[in-house]
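Since the structure comes first, as structure tokens, the remarks are kept for the end.
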Amino acid sequence: MFGPWLVLEILSLHSDLDKGEGTVKYTLSGDGAGTVFTIDETTGDIHAIRSLDREEKPFYTLRAQAVDIETRKPLEPESEFIIKVQDINDNEPKFLDGPYVATVPEMSPVEEEYDVDKRGEIVINFVLAEEKVQATTALLKLAVTGAYVLQVKATDADDPTYGNSARVVYSILQGQPYFSIDPKTGVIRTALPNMDREVKEQYQVLIQAKDMGGQLGGLAGTTIVNITLTDVNDNPPRFPKNTVHEYITFSVNISQRYE
């Protein structure tokens with residue numbers, strides 16, 4: 001039997017009965033034979049004659065056989081093998097549901113989390129200012145959790161099982177410091193407290209999804225999220241500045257009052 005082995009984009013087949021005397025002919029059949037792959041009838045080398053796209057077809061099932069060049073009878077049983085197309089990062093993440101529209105109540109609270117040691121005491125970080133001996137204390141802020149706004153999702157057509165080609169990381173290109181996004185889940189939250197609809201009602205946030213885990217060289221896609229602050233009852237009734245004064249005149253007969 002002859003065994004296949006892959007060298008870059010070349011698959012070479014060889015029969016044990018091939019003594020190099022030119023009496024053996026190699027044939028190829030199956031997926032893409034003659035259109036995607038060709039075989040050298042003398043050497044058994046298989047070449048790809050056009051570029052392969054894993055997203056179009058991830059693998060090809062081919063069959064090869066060694067035959068006697070004179071009698072054209074098979075020298076060995078037909079062998080079947082699979083050529084798997086290895087993925088490269090050639091697809092950028094895409095937001096299939098974008099652009100997005102969302103609402104969130106104005107004045108939504110934002111909770112801040114700080115580092116706490118095992119004893120339940122807040123851990124204090126000392127930050128030296130240049131080379132001065134004096135230090136200022138600051139709480140180590142771990143996270144800021146605001147009100148939930150929306151979750152965006154980008155899809156990447158690359159192979160998720162191979163490397164980081166399909167591992168997407170989310171970030172905000174426009175919309176800070178008002179909103180934040182979880183880099184792994186794509187959940188958008190408010191990042192500032194006391195966002196007042198009467199001051200600013202509409203926000204346009206630009207979200208980026210980058211593959212390769214956000215590393216340099218990764219491909220990126222973007223989408224827009226239009227966020228509207230909805231009204232809450234945060235304004236008491238007020239009288240207008242121009243107050244109208246009305247005067248009523250009346251008279252009382254004192255003599256009649258004490259009769």
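The values are calculated or read from the model by the stated rules, or taken from the named source; none is laboratory data. Bear in mind that the values here come from a model prediction, so they are computed numbers and not experimental data. Cβ atoms come from the backbone with ideal geometry, glycine included; neighbour counts cover every protein chain shown. The protein model used for the area step is the full one, side chains on, heavy atoms only, and it has no ligands, DNA or RNA in it. Shrake-Rupley method; radii C 1.70, N 1.55, O 1.52, S 1.80 Å.
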Handout entry: Set K57/K94; K57/K184; K57/K210; K19/K73 screened for pairs whose C-alpha atoms are more than 26 Å apart
Key = K57/K184
Exercise for the section: Taking amide H positions as placed in the peptide plane 1.01 Å from N, state which residues far from I88 in sequence (5 or more) or on other chains have amide H under 5 Å from it. Expected result: none
Practice task
Could you order peptides 148-154, 84-90 by the average number of other Cβ atoms within 10 Å of their residues, highest first?
Solution key: 148-154, 84-90
Handout entry: J(HN,Hα) series, the stretch 72-80, from Karplus relation 6.51 cos²θ - 1.76 cosθ + 1.60, nearest Hz, glycine and proline x
Key = 6, 8, x, 8, 9, x, 5, 10, 10
Fill in the blank from the handout: Whole-Å distance linking the alpha carbon centroid of the stretch 31-102 with that of the stretch 163-226 is 39
Exercise for the section: Could you state the accessible area per residue of the stretch 1-100 in Å², with a 1.4 Å probe and every protein chain left in place? Expected result: 63
